[in-house]
Structures are given as structure tokens and as C-alpha cells.
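S.K.: Below you'll find the structure I mean.
The values are calculated or read from the model by the stated rules, or taken from the named source; none is laboratory data. What you are looking at is a predicted structure, and each value in this text was computed from that prediction instead of being measured. Please note: Cβ atoms are built from the backbone with ideal geometry, for glycine as well, and neighbour counts cover all protein chains shown. To get the accessible areas, we keep the full protein, side chains included, count just its heavy atoms, and leave off ligands, DNA and RNA. Shrake-Rupley method; radii C 1.70, N 1.55, O 1.52, S 1.80 Å.
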Amino acid sequence: MATKGLENFQKVKSEEERMERTVNSCPFRTRFHIMPPVGWINDPNGLCQFKGVYHAYFQYSPLNVNGGGGYWGHCVSTDLIRWEYKDPVLTTDIPEDRSGVYSGSALVEDGRMYVFYTGNVKMPGDYDYIDAGRVSTQILAESEDGQHMSEKVKLLGMEDYPEEITQHVRDPKVWKENGRYYMILGARERAWDEEGKRRDRGTALVYVSEDRKKWKFSRKIDSEETFGYMWECPDLFCLEGEKVLSFCPQGLKSEEEKFQNIYQSGYSLLSRDADLESTFREWDMGFDFYAPQSFEADDGRRILIGWAGMPDTADTHRNLSVKNGWQHCLTIPCELEYREGRIFRTPVRELFALEWEAVPEEKERYCWAEKAVKLEVSVRRRTRIRIGTEKNEMTITAEGNKTEISFLDRKGNPAVCGGGRGRRVCRTAGDVENLLILIDSSIVELFVNGGEAVFTTRIYLEREEREIRLPECEKYRLEMI
Ligand code: FRU
């Protein structure tokens, strides 16, 4: 490894050590969610099961709590719930990745791990970083243990992308199908409207290879009409015979009960004889969800992990863990199931196998302080659940086919524990019949109707404010661990 790499890794070690106490004493640290040991985390990368062990890598900025990148962090698990943090595995140590080791994926084959990622370069100067000033290179590194990476090999550079594509090309997801390798990349294509105004369009590029090293452009996956100006983190997989494209379109216009966050992430069904725009569904309706990635476990399950965070939210909401030197986490890993034309997402079964303790139905309020909470609710009529105290709380309401989460009080003022978040709404195909609510310190994940809709959101309650009240809630089962 280049000396630069060694120096970078040493910096992380000393920062993690220096901040260990502060970070770990933060009341918002979670038990079962992947977090940055220090600093900032974004996208999950390289998810796989390798030699029996689950590996999760992630975009990691240990030296800057507000992001900026620089590393692939690493953690391992045997049950997808309890994670052990390792040293980062990739850093910016070659010219092609000097501004960032961006997102990518892992392919496991014959006892070896192949890691594909984007090396990002932003040249100093007065550039728009769309058509000029940026270099995006797709790079391969190999590993025998998931921790030590080989020399990096450049696979695709600017000269290999179609001419109409801007300099934004990234996030390779690689898989093998019928003896060949495929790579899908998120991209931004140059385009203009009728009046000649620049109106770029998001797209995905597919490359194919016989040997993982030489890649040939195969095709674009496009929407008919422009569907956002850039697609990030594409992922293509089969679920019960359905071809699914998961991607993160940037630039969709917000609608009343749709596309409520700054950027979206969702999936389209490609086997349908329909434009992918019309089958597009959002993965999550909460405030904090972006850049998910899936992988196939050895037992055949398709598992998805998202970033419980969003880019560019400085003006809308804040994460109150920042004062303790860290920010963001990943979602609980979920199993995907295709049914009735859509994908249902539920926490991996390993979560339910933990030794949860049933809490006897008692009074109006339950305190959970240091515990993780699992609340299953049958909904027959209007249901309301409050998390927090009367002065500082999040409310979940379900009625008819509508579910809502809100940090707003009766006067419309946002609660402190929401860090500036307001409310989010979702409609299910039929009426809401059941809710599963998981609370792990500072993250709430709400699964509606067995995962037909999911809301992921962070919540910042002090330990003594951690209450659940069920003012309108008929039948429920509350467990803690
Ligand atoms: C998505 C993303 C990716 C990129 C990475 C950089 O959140 O912007 O497209 O590879 O983050 O950290």
C-alpha cells in the first residue's frame, strides 16, 4: 500500500481513540444499528456474506462529522444485528481516487472478495463539476479476508462512458448472471428541453465482462420521460422472477404525499411492459433514508440496508448527535419479499430471534431508557402512539389507509427531539391493519402492514424522556431488550 494510505489509516486510528469516550457516552448511540465509530457515515457499501460472515462496508468520514468521505469503514457480523467494527479497508491513496473512495459493491466468488467502487477526483479550480473538473473512475480491489485489499486496478475511465454522459458516473453494483459479469452505474446525462434549456436526466449504465477486468458498455436503462437529473446507487436484482431496479433519483419534484425528502430512493419493476417511472415506488416514507444497497445471503434471502440519513439536509434538519462527534447510522437490515406487485420490507428474522422480554400491559406510559423497543399493534380504528414526553415527542397516527409520523405539536411547532423534522405521510393500498415499531435509542423504524410501507426516522430523546404512550391503541404487544 502507498505510504499515503498508511498515514491515512493511522489518522483514523488516533481519531477513533481520541474520541472513543465522547462518542460512546452519547445517549443517542444505538445497539443494533451500524454507526460510524467516530465522525460521519453515509451509504452502505460492499454488502455481502463472505466465508459465512456478513460484511458491511460504509462511506466513512472519521475526521469530519459533517462528511467529506475518504474511507470505506468496515464491520462484520454473524447475525446482521450485532456488529463488530474493524479498521477501514479503503482510503484515498491513488491519483484516481484522491478526492474520495466513493460507493460500490462486493462480489464473492470462489473464496475471494472482489470490491468495485468509484474513485472520485475533483480538480481544484473554477469548474461546474458536471461537465468539467471531475473524473470518475471505476476501480477493483480484491481480498482474501475482507479486511486487506490488493492493489487497486482501474477498470473504467472517462473515455469509456457514452459521449452524452456528464462526468457524474458512479456507484458500481456488480453481479454474475449466466457466466458473465454485469456492472450497473448511476449517471447523469446531458439533455436540453424544447427551449434549449439544459435539463439533465438521470440514467443507469450497464457494462458487461467475461473476466471482471475488461468491461464493455452494453446499454442504458432509462425512463421514458426525464425522471430526475441524476441517479445514484443503482442496484439490479431478481425477486421471485421480477427484475427490480433500485436507484436514487435526484431532482424529482415534491408532491403532497410523495417525494417529500430532498432526494428520493425507490425501485421500479423492469419486467413490466411499462415505463419504469410508472412502477416506481419509494423505499421509505420517513425523513432519514437514502442510498440503500441489497445483497443475497447464502440462504437465498435478498437483504437490504439503507443509510438512515440524507444528503444536503443542513437547511431542513439537524442530527443532535453531532455535538458528541458523530452523525448518522444505517438502517436495520431487512428482508425483501415480492408480493402483489410490490416489495415488502421487514427486519431480518434474526432480530425477532433475540431474547425480547414482553412488557406487561399496564398503564398509560412505558419507559424504555436504555432498552430497545419492539411494539406490534393491530389497527382496527384510529390509532395513535406517542414516543417521548408531552413536551417533546413524535406521534404516529394510523387511520384508514393513511399513516403519519409527526414531530409537530398541536400548534404546529416542531419538537426538539426531531431536530427540525416536521411530518411525513403515506397511504397504503388498503387500510392500515398492523404496525411494527422498532425503537433503538435514536432511531425509529415503522413498518406498516407487514412492510408494505416503511418510515425510517431519527429521534433525539434524552434517557429520561424515553416514554411510549398509547392513548388510542387497542391491541398491542410491547417487548423490550
Ligand atoms: C450517495 C452518494 C453516492 C456516492 C457517495 C459519496 O449518497 O452521493 O453517489 O458514491 O454518496 O459518499
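S.K.: Tell me the residue from Cys334, Cys417 that is open to solvent by less than 60 Å² (accessible area, probe 1.4 Å), in contact (Cβ under 8 Å) with a residue 24 or more places away in the chain and in the same structural domain as Ser77 (by TED's automatic domain parsing), please.
M.R.: Being open to solvent by less than 60 Å² (accessible area, probe 1.4 Å), in contact (Cβ under 8 Å) with a residue 24 or more places away in the chain and in the same structural domain as Ser77 (by TED's automatic domain parsing) holds for just one of Cys334, Cys417, which is Cys334.
S.K.: Residues to consider are Asn401, Asn434; find the one that is surrounded by fewer than 23 Cβ atoms within 10 Å (Cβ to Cβ), touching a residue at least 24 places away in the same chain (Cβ under 8 Å) and within 25 Å of the chain's Cα centre (by Cα).
M.R.: One residue alone meets the criteria, Asn434.
S.K.: Hey, Thr118 hits all of (1) assigned to a loop (DSSP other than H, G, I, E, B); (2) within 12 Å of the ligand (Cβ to nearest atom); (3) of a type in the set (Val, Ile, Thr) but one; which does it fall short on?
M.R.: If we test Thr118 against (1) assigned to a loop (DSSP other than H, G, I, E, B); (2) within 12 Å of the ligand (Cβ to nearest atom); (3) of a type in the set (Val, Ile, Thr), just (1) comes out false.
S.K.: OK, next. I'd like to know if segment 362-375 contains one or more residues that are more than 22 Å from the chain's Cα centre (by Cα) and buried (at least 22 other Cβ atoms within 10 Å of the Cβ).
M.R.: yes
S.K.: Restricting attention to segment 318-329, report how many residues are open to solvent by less than 20 Å² (accessible area, probe 1.4 Å) and either more than 15 Å from the ligand (Cβ to nearest atom) or of a type in the set (Ser, Thr, Tyr) (or both).
M.R.: Qualifying residue count, segment 318-329: 4.
S.K.: From the list Asp97, Asp110, Asp126, which residue is of a type outside the set (Phe, Trp, Tyr) and either surrounded by 15 or more Cβ atoms within 10 Å (Cβ to Cβ) or in contact with a strand residue (DSSP E or B) (Cβ under 9 Å, 6 or more places away or on another chain) (or both)?
M.R.: So the residue among Asp97, Asp110, Asp126 that is of a type outside the set (Phe, Trp, Tyr) and either surrounded by 15 or more Cβ atoms within 10 Å (Cβ to Cβ) or in contact with a strand residue (DSSP E or B) (Cβ under 9 Å, 6 or more places away or on another chain) (or both) is Asp97.
S.K.: Please indicate, with yes or no, whether at least one residue in segment 373-380 is out of contact with any His (no Cβ under 9 Å at 6 or more places or on another chain) and modelled with pLDDT under 95.
M.R.: yes
S.K.: Something else now. Restricting the first residue to segment 291-309 and requiring it to be outside any strand (DSSP E or B), which pairs with a second residue that is modelled with pLDDT of 95 or more and open to solvent by 10 Å² or more (accessible area, probe 1.4 Å) meet a Cβ separation below 7 Å and a spacing of at least six or different chains?
M.R.: Ala297/Gln49; Asp298/Gln49; Arg301/Glu335; Gly309/Asn42
S.K.: Let me ask another. What number of residues within segment 194-235 satisfy the criterion of being more than 16 Å from the ligand (Cβ to nearest atom), in a strand (DSSP E or B) and crowded, with 21+ Cβ neighbours inside 10 Å?
M.R.: 3
S.K.: Go through segment 418-439 and give me each residue that's among the β-branched types (Val, Ile, Thr) and under 16 Å from Thr395 (Cβ atoms).
M.R.: Passing the criteria: Val425, Val432, Ile437, Ile439.
S.K.: Could you figure out which of (1) at pLDDT 95 or above; (2) touching a strand residue (DSSP E or B) at 6+ places or on another chain (Cβ under 9 Å) isn't true of Glu355?
M.R.: Among (1) at pLDDT 95 or above; (2) touching a strand residue (DSSP E or B) at 6+ places or on another chain (Cβ under 9 Å), Glu355 violates only (2).
S.K.: Name every residue in segment 158-193 that is touching a residue at least 60 places away in the same chain (Cβ under 8 Å) and either in a helix (DSSP H, G or I) or surrounded by fewer than 17 Cβ atoms within 10 Å (Cβ to Cβ) (or both), in order of residue number.
M.R.: Passing the criteria: only Lys176.
S.K.: Does segment 198-209 contain any residue that is modelled with pLDDT of 95 or more and at positive phi?
M.R.: Checked against the condition, which is being modelled with pLDDT of 95 or more and at positive phi, segment 198-209 yields no hits at all.
S.K.: Of the residues that make up segment 23-40, is at least one under 17 Å from the mean Cα position of the chain (by Cα), open to solvent by 10 Å² or more (accessible area, probe 1.4 Å), within 16 Å of the ligand (Cβ to nearest atom) and not hydrophobic (A, V, I, L, M, F, W, C)?
M.R.: The answer is no; no qualifying residue exists.
S.K.: Gly100: within 18 Å of the chain's Cα centre (by Cα) and within 12 Å of the ligand (Cβ to nearest atom), yes or no?
M.R.: no
S.K.: Which one is farthest from Lys243 (Cα to Cα) among residues in segment 270-299 that are within 16 Å of the ligand (Cβ to nearest atom) and either small (Gly, Ala, Ser) or at pLDDT below 95 (or both)?
M.R.: Going through the qualifying residues, I end up with Ala291.
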